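Written below as structure tokens is the structure these notes are about.
Since every read-out is calculated from the coordinates, none of them should be taken as a lab result. Everything numeric here is computed off the predicted structure, so don't read it as measured data. Glycine gets a Cβ as well: all are built from the backbone with ideal geometry, and neighbour counts include every protein chain shown.
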Amino acid sequence: MKKLVTVTEVEGEGLQALLGQRVMIFCLNYIYAGTLEGVNTHDILLSEKDAAIVYETGVFTDKSFSDAQKIGHPLYIRISAIESYSPTSKS
């Protein structure tokens, strides 16, 4: 039997490390993009200035999404709905 005997908690990893950066959030039903302004136990917050729902990403190496619609207000996303996330320079 193998056992995990030491656990190290690293501050500032994961979503916290991306605060202030532009991110792409893959959720259960949609993809979102915007500047990550807040993170807590239950939600993340994308900035009012650029929060968008991404209907078509296009080629991931392109500089912009094929179809991303700005929302026009801050966007809160439940952490439980997030499948994956990444920093992005796409607009």
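Brief remarks on what is shown
- Linear extension gain, LYS3 paired with ASP67, 0.36 nm per residue minus alpha-carbon span: 18.3 nm
- Of the peptides 20-33, 67-80, the ranking by mean beta-carbon count within 10 Å, highest at the top, reads 20-33, 67-80.
- Candidate aspartates and glutamates for bridging to LYS90, where Cα separation is under 14 Å - those fewer than 8 sequence places away on the same chain excluded: ASP50, GLU56, ASP62, ASP67
- Cα centroids of the stretch 29-49 and the stretch 52-91: 10 Å apart.
- The chain: relative contact order in percent, alpha carbon pairs under 8 Å with at least 6 residues between: 28 percent
- Look at (i) 50, 26, 22; (ii) 37, 25, 21; (iii) 49, 30, 17: the one that is Cα extents along the principal axes in Å derived from this structure is (i).
- Computed lengthening from PHE60 to ASN29, 0.36 nm per intervening residue step minus Cα-Cα distance: 9.3 nm
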